[in-house]
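> The structure's right below; bear with me while I get my questions together.
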Amino acid sequence: MGFIWLGIAAFSLLFAAANGSIDQVSNAVFEGAQAAVELCISIAGPLCLWSALMEVMNESGLSLLLSRLLSPFLRFIFPHSFADRECAEALSSNFSANLLGLGNAATPAGLRAAKRMASLPGCENELSRLVVMNSASLQLIPATVAAIRGSLGSAESFDILPCVWLTSVCALAVGLISARIMEGRGH
């Protein structure tokens, strides 16, 4: 992938030099880099807030309560993996963080669950379902997206909630149904 990006950059520079617009390209590069840094700094606070909230939920036992509420759904989706306590905890933590829109906080738990699933016999299909669930990322509170919208000047950062709920539920349903169909076909 690095070679592709290098090729695109080299082609762009050669094309800009041939057209005499190298100054415009260099200005755009520096403006883009500045905008990227400003965006990262502006969303750092909200991301820290939501990650801290997830940690408070873990320490207070609220995430355990949430995982108990989610366990019937997760046990249905991951019957073999959910029988393993360590894997069940990682799955619950991953799904809880995704529900709160904390993809960055969900990643470590998702990796723990995937690693555990890979070591359990008969969990190959469930591992693919985990990837589908993380890709669809069912969210009740899209914290990261709201933080980005707020940093870019949105007056109502959370006015996208109905659209996020609808699209993430549809994406999850289609993904899980597709995974089940592929499992039935032996792929």
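The values are calculated or read from the model by the stated rules, or taken from the named source; none is laboratory data. In this text, all values refer to a predicted model and were calculated from it rather than measured experimentally. Please note: Cβ atoms are built from the backbone with ideal geometry, for glycine as well, and neighbour counts cover all protein chains shown. Just the protein is used for accessible areas: all its heavy atoms, side chains included, with ligands, DNA and RNA removed. Shrake-Rupley method; radii C 1.70, N 1.55, O 1.52, S 1.80 Å.
> Sorted by accessible area with a 1.4 angstrom probe, largest first, how do L13, L166 fall?
Heavy-atom accessible area, descending, gives L166, L13.
> HN-Hα J couplings of the range 108-123 from phi, Karplus 6.51/-1.76/1.60, θ = phi - 60°, integer Hz, Gly and Pro as x?
So the J values, rounded to whole Hz, are x, 5, x, 5, 4, 5, 5, 5, 5, 4, 5, 8, 8, x, x, 10.
> Over the heavy atoms of L6, what accessible area does a 1.4 Å probe trace out, to the nearest 10 Å²?
Per-residue accessible area (L6): approximately 110 Å².
> Under 5 Å between amide H atoms, partner at least 5 residues away or on a different chain: which partners does G101 have, H built in plane at 1.01 Å?
Residues meeting the amide H criterion: L140, I141, A143.
> Further question on the same structure: When ranked by the protection proxy of mean other Cβ atoms within 10 Å per residue, highest first, what sequence do the peptides 30-36, 173-179, 152-158, 102-108 form? Can you show the working numbers first?
Numbers: 30-36: 10.0, 173-179: 14.3, 152-158: 11.7, 102-108: 17.9.
Going from most to least packed, we get 102-108, 173-179, 152-158, 30-36.
> Ranked by accessible surface with a 1.4 Å probe, highest first, in what order do R112, R185 come? Write out the running numbers ahead of the final one.
On the way: R112 130, R185 155 Å².
Descending order: R185, R112.
> If you don't mind, another one. Could you please put L138, L69 in sequence from largest to smallest accessible area, using a 1.4 Å probe?
Numbers: L138 35, L69 125 Å².
So, going from the largest accessible area down, we get L69, L138.
> Set Lys and Arg Cβ to +1 and Asp and Glu Cβ to -1, take the dipole of the range 1-111 about its Cα centre, and tell me which of V25, L39, S63 lies farthest positive.
After comparing all options, I get S63.
> What does the charge add up to near A97, with Lys and Arg as +1, Asp and Glu as -1, over the other residues with Cβ less than 15 Å from its Cβ?
-2
> Can you send over the carbon and sulfur percentage of the accessible area for the chain, probe radius 1.4 Å, protein chains only?
Numbers: 8080 of 11540 Å².
So the carbon and sulfur contribution to the accessible surface is 70 percent.
> A follow-up question, please. Per residue, what accessible area does the chain have, given a 1.4 Å probe and all protein chains present, in Å²?
Values: 11540 Å² over 187 residues.
Dividing the accessible area of the chain by its residue count gives 62 Å².
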